[in-house]
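Below you'll find the structure, written out as structure tokens, and then a few comments.
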Amino acid sequence: MTVDPGRLGNVNVRVCWGPRAETAAAIAERWRATIQGLAALEPPVGGWVVLDEDDNDRPLSDDDLPLLLDGRGRDTSTLGHKFTMVNGDPNAAVFFSATAGSTAAVPGLLNLARVEGTAAALGDLQAILLVLVTEWDPDHGEIYGDRWIEAQRPGRGEPIAGAVTYLSAARARQIPANLPAAVRPMPGDGVLLSLIEPDGAIPSLDRVMDLADRLRVAGAFAPVPTDAAHWHPEIVE
């Protein structure tokens, strides 16, 4: 679904989760699957580049992954691996960033994966969100514009509502009846809540705020748990 970008401006498609120990190898597999999933979309999202030793762009390859995951100056056993990529189009820039493998039990310090750009550059926003949900197994996710997060003023570790919002199974059980959004069940008992109109129009900020208020009152927007045991980590050696 390619949506009308009129109310969004710059767009973030993001998924978040709490402490979850993962090896660099496990994160690498998620990273590769994400790139493949984004490249398979219509229109595709890709063209990732890195800087070579002379500060010239060159296409990203698997050989670059150890550099992205080397954790320069970070305690990766606690803070996880952080990496960023950009596509090679200066007229339609798209950024991908992620922090994964963090086990720090600090409210508001989340693992996350995010794709950012203009709606025109990104294309099918909901399909991008589905790729991130599938590959990163998050607690929640959303498609949002910068001013939407400012308007909602979430507390530390709290989700926000977006044009489309993903909630994991534990949050989905807290969804109230008669929610003013299209509800789509997801594998693993999570749900996708969409405020996007059938013609692709982005919802007004008032509608987004109304959804956020309802979910917060119902308990579906409680802060992300910081107990590492909550996430049942799968560690790949």
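Is one or more of the residues making up the stretch 154-169 more than 17 Å from V11 (Cα to Cα) and not in a loop (DSSP other than H, G, I, E, B)? Yes - at least one qualifying residue is present in the stretch 154-169. Scanning the stretch 113-124 for residues that are crowded, with 20+ Cβ neighbours inside 10 Å and either assigned to a strand (DSSP E or B) or touching a Lys or Arg at 6+ places or on another chain (Cβ under 6 Å) (or both) returns A113, V115, G117.
In the stretch 211-237, the qualifying residues are those that are surrounded by 17 or more Cβ atoms within 10 Å (Cβ to Cβ) and at pLDDT 90 or above, and the one that is farthest from I27 (Cα to Cα) is R214. Of all residues in the stretch 144-163, those that are under 22 Å from Q174 (Cα atoms) have Cβ atoms under 9 Å from Cβ atoms of residues that are assigned to a loop (DSSP other than H, G, I, E, B) and of a type in the set (D, E), 6 or more apart or on another chain, in Q152/E158; P159/D139.
So for the stretch 20-27 (the condition being modelled with pLDDT of 90 or more, under 16 Å from the mean Cα position of the chain (by Cα) and not basic (K, R)), does at least one residue qualify? Checked against the condition, which is being modelled with pLDDT of 90 or more, under 16 Å from the mean Cα position of the chain (by Cα) and not basic (K, R), the stretch 20-27 yields no hits at all.
How many residues, within the stretch 184-215, are touching a residue at least 40 places away in the same chain (Cβ under 8 Å), out of contact with any helix residue (DSSP H, G or I) (no Cβ under 9 Å at 6 or more places or on another chain) and not in a loop (DSSP other than H, G, I, E, B)? Qualifying residue count for the region: 2. Scanning the stretch 167-182 finds one or more residues that are β-branched (V, I, T) and surrounded by fewer than 20 Cβ atoms within 10 Å (Cβ to Cβ). So which residues in the stretch 125-150 are assigned to a strand (DSSP E or B) and of a type in the set (G, A, S)? Of everything in the stretch 125-150, those that are assigned to a strand (DSSP E or B) and of a type in the set (G, A, S) turn out to be G141, G145.
Filter the stretch 84-98 down to residues that are in a loop (DSSP other than H, G, I, E, B) and small (G, A, S) and give me whichever is nearest to the chain's Cα centre (by Cα). Looking at the filtered set, the residue picked out is A93. Just so you know, in the stretch 100-127 the residues that are touching a helix residue (DSSP H, G or I) at 6+ places or on another chain (Cβ under 6 Å) and of a type in the set (V, I, T) include one that is nearest to W48 (Cα to Cα), and it is V115. Only a single criterion out of (1) part of a helix (DSSP H, G or I); (2) among the small types (G, A, S); (3) over 13 Å from the mean Cα position of the chain (by Cα) is not satisfied by A105, namely (1).
The values are calculated or read from the model by the stated rules, or taken from the named source; none is laboratory data. Since we're looking at a predicted model, the values are computed, not measured. Backbone-built Cβ (ideal geometry, glycine too); neighbour counts: all protein chains shown.
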